[in-house]
Amino acid sequence: MNRQFGEAILDLKNVSLVFGGVKALTDISFDVREHEIRAIIGPNGAGKSSMLNVINGVYRPQQGEIILRGRHFARMNPYKAAKAGISRTFQNIALFKGMSVIDNIMTGRNLKIGTNLLLQAIWWGPARREELAHRAKVEEVIDFLEIQHIRKTPVGRLPYGLQKRVDLGRALAMEPSILLLDEPMAGMNVEEKQDMCRFILDVNDQFGTTIVLIEHDMGVVMDISDRVVVLDYGRKIGDGTPDEVRADPEVISAYLGASH
Amino acid sequence: MLYRENGQFKTSYAADQQIFPIAQDRWAILAIVAFAFVGVPLLVDEYLFRAILIPFLILALAALGVNILVGFCGQITLGAGAFMAVGAYAAYNFHIRIEDLPLLMSLLLGGLTSAVVGIFFGIPSLRVRGLYLAVATLAAQFFTDWVFLRVPWFTDNAASGSVSVSNLRIMGWQIDTPVSKYLFCLAFLTIFALLAKNMTRCAIGRQWMAIRDMDVAAEVIGIRPLFAKLSAFAVSSFFVGTAGALWGFIHLASWEPAAFSVDRSFQLLFMVIIGGLGSIMGSFFGAAFIVILPIALNQFLPALGGLFGVSISTAGVSHAELITFGALIIFFLIKEPHGIARLWSTGKEKLRLWPFPH
């Protein structure tokens with residue numbers, strides 16, 4: 001497999017995040033190149049999810065900055081991140097439980113909707129056309145993820161694996177340039193994991209989407225990612241291709257707890 | 001067997017996104033609306049109009065508004081009565097202070113004023129949620145109670161604090177008989193219900209529901225909580241305020257602040273909880289349940305007593321009415337916490353498969 005990457009589109013510089021007395025992240029820097037699949041791994045509590053939350057502005061780091069396509073963000077917020085083309089999925093599925101699969105994925109189109117409340121209230125002209133055009137886009141996502149049969153089902157009734165897929169669908173409907181996946185395969189059986197891997201690789205391959213993912217399944221991480229960052233206790237202890245990381249003594253000791 | 005969508009193939013997203021995608025539903029609703037406009041005025045007597053139908057229509061409109069805020073956007077409010085009061089008194093002031101302002105304009109301006117006040121009292125929702133927000137909205141209730149009782153300007157210096165309107169006409173059509181009042185309110189309700197349905201199936205409705213279901217995820221998708229919450233407060237207060245203006249102008253004709261007390265706020269909240277949170281249909285069910293049931297019990301209980309040779313005193317009837325009503329509410333909340341609307345949709349799903357179990 002010969003993969004082509006572009007420039008670094010996302011660059012994190014010296015990010016530190018503190019909650020009260022707890023240092024969640026300490027002086028972390030790494031970059032993400034366009035079109036690559038970048039994994040963040042580490043033991044529980046290493047700060048992986050905090051890292052994603054910093055990237056899309058849910059948490060504000062005390063120090064450091066985020067450079068996205070050459071633009072500097074000292075203070076990111078979720079809205080700015082979404083506008084800049086970052087979308088994400090959640091570790092504990094954060095779908096809108098009362099809404100159908102279609103409506104959940106339609107919310108992903110929210111930023112692309114231009115008509116105002118009054119036009120929508122009378123369901124007329126531009127509002128109606130826009131709604132139907134977005135529906136067509138959403139159906140493409142539904143086809144891509146092979147969830148046609150459940151499109152009208154309220155997501156609360158779906159099994160876990162399918163909910164994860166809808167979560168991915170909602171993120172994809174934003175047509176992101178960077179997709180953050182927080183443990184997309186947690187709690188899945190082997191077949192579901194294989195399906196999810198296939199979707200992630202296809203998204204990366206067909207749409208050229210850059211992917212940053214957190215995952216505990218080492219087999220999956222080593223197979224699909226191009227480069228891996230390793231965190232432990234909020235510090236970066238390793239960075240490189242899967243093979244380099246696997247051979248790194250510090251990483252091995254963090255995972256196996258070997259004494260120095 | 002009759003209620004089935006077999007053979008109704010949809011070939012466009014427009015057809016799939018209709019309000020009633022199933023043909024039988026469309027015809028049934030059309031028939032009901034036509035009957036409400038044409039059949040009811042011919043069949044019903046004056047008492048029913050005044051005691052049941054007109055209050056039902058107006059309170060259903062207010063319940064729609066409350067449901068948008070509580071059911072769709074998930075922001076609990078105990079201030080619905082306050083927004084009805086703002087709508088009613090604002091419409092009154094526009095009506096008496098601006099010469100020759102058409103009645104329709106007064107009512108809608110009342111609604112708009114209520115929307116502005118609603119946005120103001122919605123600001124705490126950006127910081128607090130759940131029960132704390134309910135307490136914050138209660139402030140709106142006590143504030144308006146006080147303002148309309150104590151500031152004489154709002155009641156045109158009426159000594160008793162009571163205001164009245166008369167000689168209502170719209171484009172030469174005098175609204176004085178119960179039938180004309182009924183038709184006027186029905187027209188309002190029909191149009192507003194359609195607007196509410198459209199909003200809730202469109203982008204703005206999805207924003208509200210996203211905030212209700214999972215606000216962090218909504219923000220990450222690019223929904224601004226500020227806009228979503230305050231727009232819900234605005235639209236909801238507009239509906240409730242317009243209903244308040246209708247309640248004052250059309251139903252009561254002369255009213256004082258007590259007409260929009262905190263009891264009214266609770267009544268409206270119960271309507272949407274019993275009818276079904278997050279359902280347009282539920283607002284109608286809830287309003288019907290709360291308006292019609294007490295009166296129906298009132299008529300029915302003495303007859304039931306007579307059947308067993310027991311005569312019930314008037315006081316006994318009104319006590320029994322409250323007891324039965326309370327018991328029914330508890331029964332509904334235990335059997336179906338999602339309200340009558342959920343029972344209705346479960347029933348429809350069963351009917352589509354009938355006579356087969358799956």
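Some observations on this one:
- Assessment of the range B:294-304 against the conditions (at pLDDT 85 or above, assigned to a helix (DSSP H, G or I), more than 21 Å from the chain's Cα centre (by Cα) and surrounded by 12 or more Cβ atoms within 10 Å (Cβ to Cβ)) yields no matching residue.
- Qualifying residue in the range B:74-88 (condition: over 11 Å from residue B:242 (Cα atoms), aromatic (Phe, Trp, Tyr) and in a helix (DSSP H, G or I)): no
- Residue within the range B:190-208 that is more than 23 Å from residue A:82 (Cβ to Cβ), open to solvent by 10 Å² or more (accessible area, probe 1.4 Å) and of a type in the set (Phe, Trp, Tyr) present: yes
- The condition of being assigned by TED's automatic domain parsing to the domain that holds residue A:180 and touching a residue at least 60 places away in the same chain (Cβ under 8 Å) holds for only one of A:48, A:13, that being A:48.
- Residue in the range A:48-56 that is part of a strand (DSSP E or B), open to solvent by 20 Å² or more (accessible area, probe 1.4 Å) and under 19 Å from residue A:227 (Cα atoms) present: no
- If you go through the range B:89-117 and keep only what is outside any helix (DSSP H, G or I) and either free of Cβ contacts under 8 Å to residues at least 12 places away in the same chain or open to solvent by less than 10 Å² (accessible area, probe 1.4 Å) (or both), you end up with B:98, B:99, B:100, B:101.
- Looking only at residues in the range A:99-125 that are at pLDDT 90 or above and open to solvent by 40 Å² or more (accessible area, probe 1.4 Å), the one that is farthest from the other protein chains (Cβ to nearest Cβ) is A:112.
- Within the range B:129-160, the set of residues being open to solvent by less than 40 Å² (accessible area, probe 1.4 Å) and free of Cβ contacts under 8 Å to residues at least 40 places away in the same chain comprises B:136, B:147, B:158.
- Screening residue A:227 with (1) closer than 20 Å to residue A:184 by Cβ; (2) surrounded by fewer than 14 Cβ atoms within 10 Å (Cβ to Cβ) gives one miss only, at (2).
- Selection of helices (runs of 4 or more DSSP H) fully inside the range A:76-170 by the criterion of at least 3 residues being farther than 28 Å from residue A:214 by Cβ and not assigned by TED's automatic domain parsing to the domain that holds residue A:58 returns A:117-122, A:126-145.
- The set of residues in the range B:222-248 that are among the β-branched types (Val, Ile, Thr), at the interface with chain A (Cβ under 9 Å from one of its Cβ atoms) and open to solvent by less than 10 Å² (accessible area, probe 1.4 Å) contains only B:223.
- Any helices (runs of 4 or more DSSP H) falling wholly within the range B:173-258 and containing at least 3 residues that are in contact (Cβ under 8 Å) with a residue 40 or more places away in the chain: B:178-200, B:203-213, B:225-246
The values are calculated or read from the model by the stated rules, or taken from the named source; none is laboratory data. It should be emphasised that the depicted structure is a prediction, and the values quoted were computed from it without experimental measurement. Note that we place each Cβ from the backbone using ideal geometry, even for glycine, and neighbour counts take in every protein chain shown. Calculation scope for accessible area: heavy atoms of the full protein, side chains included, ligands and nucleic acids excluded. Shrake-Rupley method; radii C 1.70, N 1.55, O 1.52, S 1.80 Å.
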